[in-house]
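Undergrad: What follows is a structure written as structure tokens; I'll ask about it next.
Every read-out reported here was derived from the displayed coordinates using simple, explicitly stated rules and does not represent laboratory data. Note that the coordinates shown come from a computational prediction; the quantities given were computed from them, not determined experimentally. Cβ: placed from backbone, ideal geometry, glycine included. Neighbour counts: every protein chain shown.
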Amino acid sequence: MASPPERPARPLGPLALNTATTRGQWNLLQAIEGCARHGITGIAPWRDQLAACGVPEVARAIHGHGLTVTALCRGGMFTGADAASRASALDDNRRAVDEALAIGAQCLVLVVGGLPPGSKDLGEARKQVEDSLGELLVHAGAGGMPLALEPLHPMYAADRACVNTLQQANDLCDALGAGIGVAVDVYHVWWDPQLAREIARAGKRILGFHICDWLVPTTDLLLDRGMMGDGVIDIRGIRILVQAAGYAGFCDVEIMSAENWWKRDPDEVLRICVQRHRTVV
């Protein structure tokens, strides 16, 4: 008996521009205009770019072009060597929530922070993260702003994020309850042998899906991300898993590339993003 045909994949989610992709060339208002020119209907700004252009002006520009704000990047960096530094970080995250609300973001992405200065205790760092998240949820919940935990590749455990797997992020979501979910960035999770299981476990808690590629060789672990299709990540396979888990949102292209894509004509970058989104993702 012939095998039944494979079920077709769900339709591809629309493309959004994470503005890290063009930060080498454009400010945030220019990125908004670029999205409009290229038919990109979503945008995920970074807070420093938002501050440089001004929240009211950015909100007007986004609204004027009918863009969906998939996320504000980023909050987090909760860990600290003392109570004062942790309290300061929490205050900054409350401001990030307010900024996300002001521009109509669908969520606030969180990169949680690594080891506090002078520490080698990952367990304590992760406890600080959980405690701060619990406090931030009170403020975020009052405004109805979902928080999206983004696990980062283990190479960043010391300095950027002590939450390094989707399993760890899911565990935190289970512990903290409503108002918090996950952002799945293929650059950070593609290597994980438990990825399919944890994507299914995350289910409706998936608040964002970030795309780029892992180059071989990689010349800089932070600033040498590849364009989709130029590296080794099975982006389409991960996208199918995410959508099968119930995610129906945007694919946010986030390429940090100091020596390549940040030096190109940004309109060329967006044209290629649109094309690769159709053919690779």
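Undergrad: Counting pairs of alpha carbon atoms under 8 Å apart in space and at least six apart in sequence, what relative contact order in percent does the chain give? Before the final figure, lay out each step's value.
TA: Working: 547 pairs, mean separation 55.2, N = 281.
That works out to 20 percent.
Undergrad: Obtain the nm distance between the two label points defined at residue 216 and residue 27 by a simple spin-label model: each point lies 7 Å from its Cα along the Cα-to-C-beta direction.
TA: So the label points at residue 216 and residue 27 sit 4.2 nm apart.
Undergrad: Something else: Once you put a point 7 Å from the Cα of residue 94 and another 7 Å from the Cα of residue 171, both along the Cβ direction, what distance in nm separates them?
TA: Spacing of the two 7 Å Cα→Cβ label points: 3.0 nm.
Undergrad: Kindly put 99, 135 in sequence by how many other C-beta atoms sit within 10 Å of each C-beta, fewest to most.
TA: Values: 99 21, 135 15.
So the residues, fewest neighbours to most, are 135, 99.
Undergrad: Hey, in the GNM for the chain with a 10 angstrom Cα cutoff, which one of 110, 50, 223 fluctuates hardest?
TA: 223
Undergrad: I would also like to ask the following. GNM, the chain, Cα, under 10 Å: largest mean-square fluctuation among 157, 175, 142?
TA: Judging by the Gaussian network model, the answer is 142.
Undergrad: Mean 1/r over all different Cα pairs, inverted: what Kirkwood radius does the range 15-279 give, in Å? Display every interim value, and only then the final one.
TA: Details: mean 1/r = 0.0541 Å⁻¹.
For the range 15-279, the Kirkwood estimate is 18.5 Å.
Undergrad: Okay, moving on. Would you calculate a helix-derived [θ] at 222 nm for the chain, using -39,500 (n - 2.57) for each DSSP H run of n ≥ 4 and dividing by the full residue count, to the nearest 500? Spell out each step's value before the answer.
TA: Details: 10 runs with 117 residues, N = 281.
Calculated at 222 nm, the ellipticity per residue is -13000 deg cm²/dmol.
Undergrad: Local charge sum around residue 17 (other residues, Cβ-Cβ under 10 Å, Lys/Arg +1, Asp/Glu -1)? Could the numbers behind the result be given before it?
TA: Numbers: positive: none; negative: 252, 254.
Summing Lys and Arg as +1 and Asp and Glu as -1 gives -2.
Undergrad: For the chain, set up a GNM with springs between Cα atoms under 10 Å and report which of 20, 83, 36 has the largest fluctuation.
TA: Of the options given, 83 has the highest mean-square fluctuation.
Undergrad: So for the pair residue 101, residue 280, with labels modelled 7 Å out along Cα→Cβ, what separation do we get in nm?
TA: Those two pseudo-labels are separated by 3.8 nm.
Undergrad: Next question. Ignoring solvent entirely, what values of log10 I(q)/I(0) come out of the Debye formula for the range 55-170 at 0.09, 0.15, 0.17 Å⁻¹ when each Cα is a single scatterer?
TA: The Debye formula, applied to the Cα set alone, gives -0.25, -0.65, -0.80.
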